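Have a look at the structure below before the remarks.
The values are calculated or read from the model by the stated rules, or taken from the named source; none is laboratory data. These figures come from a predicted structure and were not determined experimentally. Note that each Cβ is placed from the backbone with ideal geometry, even for glycine, and that neighbours are counted across all protein chains shown.
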Amino acid sequence: MMVLMFVAYSCDRDSNPMISADPVAPSISSEVDGGSFELTEDMAESVLFTLEWERADFGYAAAVEYTIEISETGDNFETVRSIGRTFATSFDVVVSDINSTLLTMGYPAGEFVDIQIRVVAKLDGARYEEMLSEPVSVSFSPYLVIIEYPEIYVPGGYQSASGYGGDWSPADAPPLFSFNDDGIYEGYVYMAGTGNEYKFTDERSWDLNWGDSGDGTLVEDGPNNEADESGFYRMVVNLNNFTYETTLTEWGIVGDATPGGWDADTVMDYNPDDQLWTITTDLTEGEMKFRANNDWNINYGDDTGNMELDWDGSNIPVETAGNYTISLNLKSIPFSYEMTQN
């Protein structure tokens, strides 16, 4: 996975640097134009190629942020996906990352698609000035990959009231996922009502299950766990030491693109029918993230611009001001989001 660390912050970005009257746009120097790449799963972690470019010159001594964008050839970048951001003048295109982006854009596995790549340069913090490289054309054939993470399940007496089938039914219970296959499982469960009881099961059956021993640890066939309040819980279960944590969450968007800026969440609404958090609100040009409980302990961004959420990931750019409907999916993997301008 590409790891590009960006820290959400709030500061005064209203100062206007003097931009050169004759700025120089970035220019892609890598010899990839016209290249054709058949992607395969056995090369998933390999660097397919390194995209390099000549540095942009705004005539102003400030950090320049580069965004690498792709679009289908002929679309003229009307529909754009970002595959990464950096302050350097090169970027490694990793097979698994570009493959995932192509699949989420709806391109079928095993068929070549013609893609244009460009580099967008912007002064760090400046929102009114950017320069574009000339695009290069590359053809990709993605491969089909289905990631199956280990799961455990959360059956309980809350299920029928919360939209998860029959009560105490492991077959219908929401899952928790071990993203690193390390015995630690996490996920989100909505519980309507109060005094909800539940347990954890290894399979969609009662053959192996765990309950609270009374001291916050889990034991096989133990007493039911209990959630005193209704709401949307983040659950983390560690089967290495048989401990678990639950956190009641309320989700919102935060960032200088949002009504609350970086200081306060703009709260979303949870719809138990479709199990999504949603909001319709005005956004300005800037950046945003998703976070819980008006705090940074639980937050998601998007490292690659593929609409899939990354824990503590990069800020999500909002390039055009307007009214948006935003949805947050924490019910199934990959955790994801959608943003539609109204």
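Values computed for the structure shown
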quantity	calculated
Conditions (1) at pLDDT 95 or above; (2) outside the structural domain of TYR324 (by TED's automatic domain parsing); (3) farther than 21 Å from LYS331 by Cα; number of the one not met by GLY255	(2)
The stretch 319-342 residues that are over 21 Å from LEU103 (Cβ atoms), paired with ones that are small (Gly, Ala, Ser) and exposed (fewer than 14 other Cβ atoms within 10 Å of the Cβ) (beta carbon under 8 Å, 6 or more apart)	GLN341/GLY322; ASN342/GLY322
Filter result for the condition that a residue is among the aromatic types (Phe, Trp, Tyr), under 30 Å from PHE200 (Cα atoms) and out of contact with any His (no Cβ under 9 Å at 6 or more places or on another chain), over TRP296, TRP262	TRP296
Given (1) without any contact (Cβ under 8 Å) to a residue 60 or more places away in the chain; (2) not in a strand (DSSP E or B), index of the condition SER100 fails	(1)
Enumerated strands (runs of 3 or more DSSP E) restricted to the stretch 185-227, each holding at least 2 residues that are on the phi > 0 side of the Ramachandran plot, in the same structural domain as GLY166 (by TED's automatic domain parsing) and of a type in the set (Ser, Thr, Tyr)	none
Top-ranked residue in the stretch 118-158 [being of a type in the set (Asp, Glu) and at pLDDT 90 or above; ranked as nearest to the chain's Cα centre (by Cα)]	GLU151
Residues within the stretch 47-87 that are of a type in the set (A, V, I, L, M, F, W, C) and either without any contact (Cβ under 8 Å) to a residue 40 or more places away in the chain or not in a strand (DSSP E or B) (or both), tallied	8
Residue that is in a loop (DSSP other than H, G, I, E, B), farther than 29 Å from THR86 by Cβ and aliphatic (A, V, I, L, M), where the choices are ALA257, ALA264	ALA264
Residue within the stretch 23-33 that is under 26 Å from ILE147 (Cα atoms) and either in contact with a Pro (Cβ under 9 Å, 6 or more places away or on another chain) or surrounded by 15 or more Cβ atoms within 10 Å (Cβ to Cβ) (or both) present	no
